Amino acid sequence: MTITEHPETTPKWWKEATIYQIYPASFKDSNNDGWGDLKGITSKLQYLKDLGVDAVWVCPFYDSPQQDMGYDIANYEKVWPTYGTNEECFELINKTHELGMKFITDLVINHCSADHEWFKESRSSKTNPKRDWFFWRPPKGYDSEGRPIPPNNWKSFFGGPAWSFDETTNEFFLRLFASRQPDLNWENDECRKAIYESAIGYWLDHGVDGFRIDTAGLYSKRPGMPDSPIFDLNSDLQHPNWGSHNGPRIHEFHKEIRRFIVDRVKDGREIMTVGEVAHGNDNALYTSASRGEMSEVFSFRHVDTGASEFFRYNAVPFTLKEWKQAIADNFLFINGTDTWSTIYLENHDQPRSITRFGDDSPKYRILSGKLLAMLECSLTGTLYLYQGQEIGQINFKDWPIEKYEDVDVRTNYNIIKEKHGENSNEMQKFYEGIALLSRDHARTPMQWSAETPNAGFCAPDAQPWYFLNESYKNGINVADELDNKDSVLNFWKKAMKARKENKNVMVYGYDFEFIDLDSDKLFSFTKQFEDKTLFAAFNFSGDMVDVKSPKEGASLSLILGNYDDVDASSTVLRPWEGRLYYVQ
Ligand code: GLC
């Protein structure tokens, strides 16, 4: 194999790095006000280093009214005071570097908060110079009760119309997410320049190594913003993707961002970007090194498997085959190209992977958690690990609706309540959906120990901003797991170490091929690197499953297994057993 045959194997720090994602509100509270903060993160850097991660990505810590947990930014150049000061942030970046890790920050530039000065100016009058920095449109008309009708039929990603009415000038502004999260108008050159300077330039000047680019496929809206065709026959409002996703100028904008970054950085740092692009077939364009847009992207195929196309909280059955295929589709496109991809099962927008894709019962939680760790560590692409995932966190159980916090859940709850009522089938289905799929499962405070009632996230007498998942009492916490050699946490360390030691085939392996794709219990594949073949076999069930060698007569040498008493030569996988081999 030469690099020309597989340009995707060109080594880069950001391809090999395992990136640990931190949700600042819930990671570690250093001053006992109940909110995580930057000093709290700094205090845990050594823990992350010992875990074996190479970089941290910290979700938005900027000044914000927190309508969408910091994804509604009021000032790109200022830390939210509850999280600390800018100086504390620079200190965090420096300390991360001192420990030999990289620092990645979140870049939320499709929209800002209605509290941002740019928006305040824009809304103040129709003739304000920044009026065109946002999408203002007059009502389409007025309904029989005199209420203004939104300019088009686009639905917000969080439910309800994608437009908010503003009485200052009696016009609507576009906001694809929450009611006070206005979309920035990327067609306006001055607006784009201001975004780059404030949101990107400022943080490059302060030493960040990369950006996770929020909603990176949404900046170029469909010209004229017409009504969407009707895809969902049961709704007046239509999913916003048609009008906003991968629009006509999106690649031009990403090239411009990349040029801005390259021109700005003078000290040789190689800046990585990872874009959240959800859906579509543009991933190869976004991540081709020769095109100069982004380093890699997050696709949603595999995490959307099992959720209805029109409404995220309608859980639908799915087969292992569909899920396997969805995972592979996220990275198969890179084979033999100059592109790259990502591996993840969790983030702050997803529930806990053991509950969704493993088995979170006391019997199989640990085994299936280890199995998922092995699967992720064996796949090609940059690996992301979300806080709490390393301890095998599971979804909280049986929480009443009052304990859900997320704006997405609350908005949809109110819509369903108004339309169908509290005791409707629709509400019942919604409750089942959020128990499985709500973003809140990822957002409970990190469980550092078994200390009641706050699990070491903050002092026992402090009041955390959000409820804890009771699972910290059942051994799912850092302190207990560090002490237990059989814990999910210690297994993650082992699996990440194996990934590093065998990085050629584990991180960069190519020519991925499923074995037994149709099987609904077995997830098995091979991939190559030069003369090496990796063979992976994972049993996604509580049954015994037969497994065949990928090559008749080949000898297999075991790299890693998730059972203590692994029998490497056995052709039967026990419940939730996984093994990784070299094939000779
Ligand atoms: C992204 C973020 C999510 C946020 C949304 C709006 O999907 O990951 O948390 O709510 O964008 O910014």
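Brief remarks follow.
- Qualifying residue in the stretch 317-328 (condition: of a type outside the set (Phe, Trp, Tyr) and part of a loop (DSSP other than H, G, I, E, B)): yes
- Residue in the stretch 233-243 that is within 16 Å of the ligand (Cβ to nearest atom) and either free of Cβ contacts under 8 Å to residues at least 60 places away in the same chain or part of a helix (DSSP H, G or I) (or both) present: yes
- Yes/no for Ile19 being in a loop (DSSP other than H, G, I, E, B), in contact (Cβ under 8 Å) with a residue 12 or more places away in the chain, within 16 Å of the ligand (Cβ to nearest atom) and of a type in the set (A, V, I, L, M, F, W, C): no
- Here is the figure for the stretch 64-84: residues that are more than 22 Å from the chain's Cα centre (by Cα) and either near the ligand (Cβ under 9 Å from one of its atoms) or without any contact (Cβ under 8 Å) to a residue 40 or more places away in the chain (or both) total 2.
- Pick from the stretch 23-47, criterion assigned to a loop (DSSP other than H, G, I, E, B) and open to solvent by 10 Å² or more (accessible area, probe 1.4 Å), ranking: nearest to the ligand (Cβ to nearest atom): Trp35
- Put simply, of Ile73, Ile104, Ile93 the only residue that is part of a helix (DSSP H, G or I) and either in contact with a strand residue (DSSP E or B) (Cβ under 7 Å, 6 or more places away or on another chain) or crowded, with 17+ Cβ neighbours inside 10 Å (or both) is Ile93.
- Breaking point among (1) in contact with a Gly (Cβ under 9 Å, 6 or more places away or on another chain); (2) farther than 24 Å from Phe318 by Cβ; (3) of a type outside the set (A, V, I, L, M, F, W, C), for Glu418: (1)
- Residue pairs whose Cβ atoms lie under 6 Å apart, separated by 6 or more positions or on different chains, with the first residue in the stretch 299-313 and outside any strand (DSSP E or B) and the second of a type in the set (Gly, Ala, Ser) and open to solvent by less than 20 Å² (accessible area, probe 1.4 Å), are Phe300/Ala278; Arg301/Ala326; His302/Ala326; Thr305/Ala326; Tyr313/Gly433.
- Here the condition is being modelled with pLDDT of 95 or more, farther than 23 Å from Arg439 by Cα and open to solvent by 20 Å² or more (accessible area, probe 1.4 Å); of Asp63, Asp50, it holds for Asp50 alone.
- Within the stretch 144-158, the set of residues being under 16 Å from Leu237 (Cα atoms), open to solvent by less than 60 Å² (accessible area, probe 1.4 Å) and away from the ligand (no atom under 16 Å from the Cβ) comprises Pro148, Pro150, Pro151, Asn152, Asn153.
- Residues satisfying the stated conditions in the stretch 400-429, i.e. under 22 Å from Phe177 (Cβ atoms), open to solvent by less than 40 Å² (accessible area, probe 1.4 Å) and either not hydrophobic (A, V, I, L, M, F, W, C) or not in a helix (DSSP H, G or I) (or both): Tyr404, Asp406, Asp408, Asn412, Tyr413
- Members of the stretch 168-188 that are within 16 Å of the ligand (Cβ to nearest atom) and among the acidic types (Asp, Glu): Asp183
The values are calculated or read from the model by the stated rules, or taken from the named source; none is laboratory data. Everything numeric in this text was worked out from a predicted model, so none of it was measured. Backbone-built Cβ (ideal geometry, glycine too); neighbour counts: all protein chains shown. Note: areas computed on protein heavy atoms with side chains; ligands, DNA, RNA excluded. Shrake-Rupley method; radii C 1.70, N 1.55, O 1.52, S 1.80 Å.
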